[in-house]
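Written below as structure tokens is the structure these notes are about.
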Amino acid sequence: MQYRTMGKLGIKASAFGLGCMRFNGPASGDSVIDENKAISLIRKAIDGGVTYLDTAYVYLDKTSEIVLGKALRDGYRDRVMIATKMPSEYVHNREEMQALLDSELKKLQTDHIDFYLMHGIDLSKWEYFKSIGAREFFDDMKKAGKIRYKCFSFHGPYDQFEAILNDWDWDMVQIQYNYMDVDNQAGTRGLELAGKKGIPVVIMEGLLGGRLAKAPSNVQALYDAFPVKRSPAEWAFRWLCNHPEVSVVLSGCNEESQIEENLRIFDTVEPGIMTDAECALMDQVRSAYISRTKIGCTGCRYCMPCPNGVNIPRIFSVWNNVSLHDTDPRHDWDLRQIRETDSGANKCVACGACEAACPQHLSIIDSLKQAWHELAAND
Ligand SMILES: NC(=O)c1ccc[n+]([C@@H]2O[C@H](COP(=O)([O-])OP(=O)(O)OC[C@H]3O[C@@H](n4cnc5c(N)ncnc54)[C@H](OP(=O)(O)O)[C@@H]3O)[C@@H](O)[C@H]2O)c1
């Protein structure tokens, strides 16, 4: 396992951090987490050298922290750093922030949280957190030793990222980043800005939630033609770790084999590890993905809520996924969700509210028609 220094904090963390958001139930489709399996996966990762674990109050119906707390008994807690988060939706004042943090400490069976994040913020959530005194609360909790570092995770456009990053003396930031998101959300500019300020960056969605681990045929052809053979997941992780600003790459694993593969990959991922030819390959891979992408929706949800209830980002996400991975059986479930609920593209009345709000200036109305035609025809 490679260990990286976390920017200005000067501490080291494993380059591979385990995300605790994706543990499955005992059977496929179960909403209840398979606790024994999750505990064994967490301990396997720690025994393999992982020292950074990421969870959140809301993950897995609020059970992720409980399972992590159980996994960290028997001396495991002392070997790792925990990151967890405060969701803006659950707190309206200092008393509620205190109660929420205390409940997280109890669930995690610990007296302190290493990295405490304002969860998934954009500019409006940051303004909200400020208005309820979250900065003072985080500072006080640091002094009291209940949290070690004050941090945020971010989903939103770059300019909002820059504004938030420059607005407080943050200890760490967590962003969505991978070779497809170079110009999306915080993107490469955000990564480099944090790096310049010495703020360590933790990466989420490095495989786009697993999608980059399953290469479509045109991408696989590029990998096959390259002299060095690696799995799509390994290419994606190496591309991330090539960036010196990246401290930790989180990935949520559901299988022992994934933990084993990731432990192996993160053994040899020094910054600057990619050759020029490998960087050029990843540029080609990105173009190959884009060529099969139906629409450049980034899922920012500025178009929501649709006055007529159409779930625009979800429809576009399914449309893109079907085009990229038309053999992936998970899409049957996604398609059913869209067809069988009241949020399908056929409910669009072309009012145009979404197009006025879309920061990507997408032709949403026409695209919804096309998506519905293609998805509904895809029986
Ligand atoms: N703060 C926030 O707003 C926020 C948002 C998102 C995520 N997060 C955190 O960031 C963590 C990481 O994000 P993520 O879980 O989306 O990471 P990710 O690495 O993009 O996706 C994880 C998925 O990738 C697949 N995978 C992992 N290793 C693999 C391997 N070696 N080979 C093939 N497939 C592999 C698995 O998918 P399958 O199960 O389909 O095989 C796994 O569930 C989350 O777990 C969570 O803790 C935070």
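Every number here is computed from the coordinates shown, using simple stated rules; none is lab data. Fair warning: this is a prediction, and the values are worked out from it, not measured in the lab. No Cβ is skipped: glycine too gets one built from the backbone with ideal geometry, and neighbour counts run over all protein chains shown.
Tabulated values for the structure
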quantity	calculated
Computed lengthening from Lys347 to Glu95, 0.36 nm per intervening residue step minus Cα-Cα distance	86.5 nm
Eligible lysines near Lys347 by straight Cα distance, threshold 21 Å, same-chain separation 8 or greater	Lys294, Lys369
Theoretical ellipticity at 222 nm over the chain - DSSP helices of four or more residues, -39500 (n - 2.57) apiece, nearest 500	-13000 deg cm²/dmol
Residue pairs, from the table Lys70/Lys146; Lys12/Lys37; Lys62/Lys196, whose Cα atoms sit over 25 Å apart	Lys12/Lys37; Lys62/Lys196
Around Gly10: net Lys/Arg minus Asp/Glu count, Cβ-Cβ under 15 Å	+3
Shape category assigned to segment 1-107 from the gyration tensor of Cα positions, a/c cut at 1.5	oblate
Three principal axis lengths of the chain [C-alpha, angstrom, descending]	57, 52, 44
At R0 = 25 Å, FRET efficiency that the Cβ-Cβ distance of Arg230 and Asp183 yields, to 0.05	0.55
Val32-Arg292 pseudo-label distance in nm [points 7 Å out on the Cα-to-Cβ vector]	3.8
FRET efficiency, 1/(1 + (r/R0)^6) with R0 35 Å, evaluated for Asp159 and Gln370 via beta carbons	0.70
Length released on extending from Ser131 to Lys106, taking residue separation times 0.36 nm less the Cα-Cα span	6.3 nm
